[in-house]
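Since the structure comes first, as structure tokens, the remarks are kept for the end.
The numbers here are math on the coordinates, done by the rules we state, and not lab data. Computed from a predicted model, the values in this text were never measured in an experiment. So basically every Cβ, Gly included, is an ideal-geometry build from the backbone, and we count neighbours across all protein chains shown.
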Amino acid sequence: MVKQTKTEPFFAIQIIGKRDEQEDSYGICYGFESQNSPIPACFVLADGMGGHSGGEVASQTAIDSVKLVVQSCDVFDGRTLRDSLSAANLNIAECLKVNADLEGMGTTLVALIIIGENAFWVSVGDSPLLSLDYNHELHLLNEDHSMRPVLDELVASGVLKEDSPEYQKKVSQLRSALTGDNIKLYDLNDEGFSLAESKYLVVSSDGLDTLSREEVKSVMVANVKKGPKEIASQLINAIEKKGSMKQDNTTLIVIDPLAYQKR
């Protein structure tokens, strides 16, 4: 079953995949931008883990925490992102204190804020923030806190083979997530990324990794003139066409930066 939310200049879509629960959560907020503006200032996505209700609780707690911080701000500054991250982690810790059944839960997080021609973000985990530029090249903007970059370096140096059992077993393991404990790694851009060369932004959970980055780029380029809704829908169609028996929850938010630059 596909859940869709239609609001231009972005489009968000979710599928549960082959999982029993939907552990992804996402949200939008306006905050320091005009509350009456039809264009959100902030997009948040979290991919929960912990099984049963744990992953869902962790991801939704992170989303709600970020929204509360952003919507309480009159003016954006670097502290907004740091405070959002801290609040999400602290509130997950509080959930664990009051419900021992949630032990082991955690979540990734991407909080993206767009102001004019610049994007700012904070992220933890392996949920990617992608940019398709006007030359139709796809770029990963945030850091990947899974084991993939570490293992890829070993492959490049000849120490490990990509098709080895060790690579396949460890590639999706996270080096950092929000678990209510100390955050081992996080990626912060509070200086701004220029959107002048960005045709589309995509915030997603790692369910998108069913497609290679070349396949993601191909789908986006084929639908580049059709807008966020068609791009998001076709990406989901491509994922479902793969028919993976282990398909993870997938959440996509496709954003058109030009809508912000025209304001």
Please name which of N182, S233, S127 has its Cα lying farthest along the dipole of the chain towards the positive end, using unit charges on Cβ (Lys, Arg +1; Asp, Glu -1) and the Cα centre as origin.
S233
List residues of region 123-142, by number, whose backbone nitrogen lies under 15 Å from a label position 7 Å along Cα→C-beta of Q234.
132-133, 136-138
Two-site FRET efficiency, K225 against R82, from Cβ-Cβ distance with R₀ of 45 Å, rounded to 0.05:
0.75
Placing +1 at every Lys and Arg Cβ and -1 at every Asp and Glu Cβ, with all other atoms neutral, what dipole size does the chain have around its Cα centre, in debye to the nearest 20?
620
For the chain, what is the calculated [θ] at 222 nm in deg cm²/dmol (nearest 500), taking -39500 (n - 2.57) for each run of four or more DSSP H residues and dividing by its residue count?
-10000 deg cm²/dmol
A196 versus K184, label points 7 Å from Cα toward the beta carbon: distance in nm?
3.9
Among 249-256, 74-81, 202-209, 165-172, how do they line up by average Cβ neighbours within 10 Å per residue, starting with the highest?
249-256, 202-209, 74-81, 165-172
Taking a cut-off of 20 Å between Cα atoms, list the lysines near K217, but don't count ones fewer than 8 places away on the same chain.
K199, K225, K226, K229, K241, K242
Rounded FRET efficiency, nearest 0.05, which uses the C-beta distance separating L258 from V155 and R0 of 35 Å:
0.40
Kindly identify region 214-258 as rounded, prolate or oblate by the Cα gyration tensor criterion: order the square roots of the eigenvalues as a ≥ b ≥ c, call it rounded if a/c is under 1.5, otherwise compare a/b with b/c, prolate if a/b is larger, else oblate.
prolate
